[in-house]
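Values quoted throughout were computed directly from the atomic coordinates according to the rules given, and no laboratory measurement underlies them. Keep in mind the model is a prediction, meaning the values are calculated, not measured. All Cβ positions, even for glycine, are placed from backbone atoms using ideal geometry, and neighbour counts span all protein chains on display.
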Amino acid sequence: MPAPSTPSTPCAPSAAQATTRVHEPRREDCPWCGSTRLRNRMRSGDLRQYKPGSFTVDQCRDCGHTFQNPRLTFEGLALYHRTARGAPLDPASDSLLALRASRHRHRSAARAMRRVGEPESWLDVGTGHARFPATAQEFFPYTSFDGLDHTPLVVRARTAERVEEAHVGRLTDPRVATPLRARYDVVSMLHHLEGTTDPRAELHAALAALRPGGHLLVETLSPRSVFAAMLGRWWLCYDQPRHLHLLPPQNLRAELEAAGCEILTLDHRPVHVPHDLSGAMALALAHSVPAPDTPWRAIPPPPVRRHARSALLRAGLPLVALAAAADHALAPLARRTRLANTYRLIARKPTT
């Protein structure tokens, strides 16, 4: 009689999953330019959610494209994006990540688009709760904002009247893209490309959704940041395993110019997020103390370890605050140099 199988935790990727359906085969060439001259930038586990698995980030020596290799499959992405009841929360790193979605940053992005006039229709891709469209409506009260996201969050955003239409799916899916073709004056992608499996296809799908003469707004992370080399796996923007691609600004510019677009803005000064040192300190602190209890641990830690972790994290918060002060002190310099971690691009689609 065969031995009964051992049930696995539904939210935890097993070792078998990590080598079969969670990861694609490892690439020997760059997914952007095809070069085989790759170098390893870092290896890391899941530093924020503590889920099992190891992840590698490589960089192309020729074009600078930085990517997860081997890459997660769609199923793997779903596993690592999914939160679970009882999963640990590290308030320091989670609050730092929330800076990218702050109202101030959304207002900056919307204000940058005022130079193109009042668009009639606007699609925000990867909108989630549609907080950006809700903020942008303050600047464009007569614009119709729609949202697209691969999760049902966008449906809740429509119920909350943050967007007029909610589209669930991926912009590269023909079932989603076909009805949206040449429909919008503006398409925005704010911190969306780094989490997509094929950023080049996403860019071209966004251009297809624009009317002739429409505008594309992109904000994304820069792998050229000096902090990436200085901090290694503790650089918050790597965010493994959820970030699959980091695009150098020159690659994004060249791709859009090859499609006939005019680049109106390519700048990192208004969008740099001062969280590099504090994010690294928060992550390093969280991993220097006893490991937390998680739903995917076979044996939970004893209570004394849990209490020790909480006490040590509280004791280390002044170090995170000191690093945050250093981030803000360096911000004026970082925005004007290669210390910047984010950039914004605005492009106009050709009229013919």
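Details
- Extension gain from Asp267 to Arg43, taking 0.36 nm per residue of separation minus the Cα-Cα distance: 77.7 nm
- Alpha-carbon centroid distance for the pair the stretch 185-241 / the stretch 301-331, whole angstrom: 30 Å
- Modelled spin-label separation between Arg183 and Val168, with each label point placed 7 Å from Cα along the Cα-to-Cβ direction: 1.6 nm.
- Label-point gap, in nm, between Ile299 and Ser35 - each point 7 angstrom along Cα→Cβ: 4.8 nm
- Mean Cβ count within 10 Å, highest first, over the residues of peptides 332-341, 206-215: 206-215, 332-341
- Total formal charge among the other residues, if their Cβ is under 10 angstrom from that of Val57, Lys/Arg +1 and Asp/Glu -1: +2
- Dipole check for the chain: with +1 at the C-beta of Lys and Arg, -1 at the C-beta of Asp and Glu, and the Cα centre as origin, the magnitude is about 740 Debye.
- Each listed q (0.06, 0.13 Å⁻¹) maps to a log10 I(q)/I(0) for the chain from the Debye sum over equal C-alpha point scatterers, namely -0.23, -1.10.
- Relative to the longest principal axis of the Cα atoms of the chain, helix 199-209 runs at roughly 40 degrees.
- Ordering of 115-124, 61-70, 177-186 by packing [mean C-beta count within 10 Å, highest first]: 61-70, 115-124, 177-186
- Amide N proximity, the stretch 52-74 versus Arg21 label position 7 Å along Cα-to-Cβ, cut-off under 14 Å: 73-74
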